[in-house]
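Read the structure below first, then the notes.
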Amino acid sequence: MKGPVMTLFCSSRGIMRLDARARRDVAILGSGFLKLDVRAREDTEKIDRGVKKKAECLHHIATVLRDKAQSRLKTAADKHWSDGALETDLRRADFRAKQRAMEEALMALEFMKNIHDMMVSKVYKL
């Protein structure tokens, strides 16, 4: 009986050794993953900070360019109006309004003429 008990005891001790070794390996792998996770988080934070800085810089540049463009546009508009362009623009707008009114009146007259022609042709038919 010593043989099977001894074999069982040896294989039990071997299994316990394998179990201990597997636990150590899992602990080493787990700590390695934790280190990788910490490193990845740090890298992500660095990237986020860099992106935020670049976005702030781009926003500042865009603001400066927008302000310059608005200033130039205002200067051009002021010069345009001071050159008497306001009166010209008002005359042009008045002319366009009168032209549209005349075109609408002409269309109304043509419509009335067509109705009159149709009525005259019906009277001749009767």
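The values are calculated or read from the model by the stated rules, or taken from the named source; none is laboratory data. Since the model is a prediction, treat every value here as computed from it, not as a measurement. Note: accessible area is taken over every heavy atom of the protein model, side chains too, but ligands, DNA and RNA are not part of it. Shrake-Rupley method; radii C 1.70, N 1.55, O 1.52, S 1.80 Å.
To keep it simple, each residue is scored yes or no on (1) open to solvent by less than 100 Å² (accessible area, probe 1.4 Å); (2) part of a helix (DSSP H, G or I); (3) modelled with pLDDT of 90 or more.
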{"position": "ARG91", "(1), (2), (3)": "no, yes, no"}
{"position": "LYS98", "(1), (2), (3)": "no, yes, yes"}
{"position": "MET102", "(1), (2), (3)": "no, yes, yes"}
{"position": "ALA105", "(1), (2), (3)": "yes, yes, yes"}
{"position": "ALA108", "(1), (2), (3)": "yes, yes, yes"}
{"position": "ILE115", "(1), (2), (3)": "yes, yes, yes"}
{"position": "MET119", "(1), (2), (3)": "no, yes, yes"}
{"position": "TYR124", "(1), (2), (3)": "no, yes, no"}
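Here LYS52 fits the description: under 40 Å from the mean Cα position of the chain (by Cα) and open to solvent by 100 Å² or more (accessible area, probe 1.4 Å).
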